[in-house]
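See structure below.
The values are calculated or read from the model by the stated rules, or taken from the named source; none is laboratory data. Keep in mind the model is a prediction, meaning the values are calculated, not measured. Reconstructed Cβ throughout: ideal geometry from the backbone, glycine too, with neighbour counts over all protein chains shown. Surface accessibility is based on the protein's heavy atoms, side chains included, excluding ligands, DNA and RNA. Shrake-Rupley method; radii C 1.70, N 1.55, O 1.52, S 1.80 Å.
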Amino acid sequence: MTPFRALLMSVALLAAPAWLAGGPAPAAAQSVGVVQSDILVVDPERLFEETRLGQSITAQLQEEREALIALNRKLESELEAEELALTEQRDTTSPEEFRALADAFDERVQRIRADSQRRVREHERNRERAPLDFMRQAEPVLVELMREAGAAVVMDRRTVLLQADVVDITGAAVQRIDATLGPDALEEGDGESADAPENTPETTPDNAPAE
């Protein structure tokens with residue numbers, strides 16, 4: 001099961017409408033701009049690629065990649081210069097002293113190589129985890145759309161063989177995510193927090209908002 005499918009299943013479980021438990025069915029008038037359907041589909045790849053949040057994550061990962069490439073080139077240049085300087089000392093140092101210098105240089109090369117490989121692995125983990133982290137942030141938006149539609153489940157569009165176009169909420173989700181989690185919305189939220197009254201209850205581990 002892909003991370004997208006697993007998270008979408010969790011959305012369905014968290015936000016199942018009340019009528020599944022025997023409550024009254026939601027009225028169509030309660031929905032604003034969202035079609036009423038028991039089953040909705042969404043394209044996670046489109047959400048990640050088309051929302052400003054997903055694009056921001058992608059740009060950050062690209063910046064990290066370019067920084068790693070630049071660092072590796074810098075280290076490579078430095079090591080080449082050190083190797084050249086060491087080679088030039090061969091004729092002016094004793095074999096024992098040169099061997100010690102060469103061993104120290106080799107240890108430095110191995111250490112730098114290990115650090116570089118560690119940074120690359122960390123970047124790859126961040127890249128692989130990015131779509132799932134994105135979907136976790138977008139989950140409240142999907143839950144809201146799901147409730148407005150009176151739906152019982154949100155499915156990954158890529159796993160659906162046949163569907164009616166009216167149940168695809170990808171476009172609506174992109175707009176809602178941009179409005180809720182886009183840079184403008186986040187900046188506006190920060191501004192509201194700054195203007196909050198001084199008697200706002202202090203956040204504690206018991207009342208801290210969920211991440």
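Within the stretch 120-142, one or more residues are under 30 Å from A173 (Cβ atoms), of a type outside the set (K, R), touching a strand residue (DSSP E or B) at 6+ places or on another chain (Cβ under 7 Å) and part of a helix (DSSP H, G or I). A single entry from R90, R147, R73, R118 fulfils the requirement of being open to solvent by 40 Å² or more (accessible area, probe 1.4 Å) and in contact (Cβ under 8 Å) with a residue 24 or more places away in the chain: R147.
In a residue-by-residue description of the stretch 16-35, the property of being open to solvent by 60 Å² or more (accessible area, probe 1.4 Å), on the phi < 0 side of the Ramachandran plot and at pLDDT 50 or above applies to no position.
Examine the stretch 51-69 for a residue that is assigned to a helix (DSSP H, G or I) and either touching a Ser or Thr at 6+ places or on another chain (Cβ under 7 Å) or farther than 30 Å from G182 by Cα (or both), and state whether such a residue exists. The answer is no, given that none of the residues of the stretch 51-69 is assigned to a helix (DSSP H, G or I) and either touching a Ser or Thr at 6+ places or on another chain (Cβ under 7 Å) or farther than 30 Å from G182 by Cα (or both).
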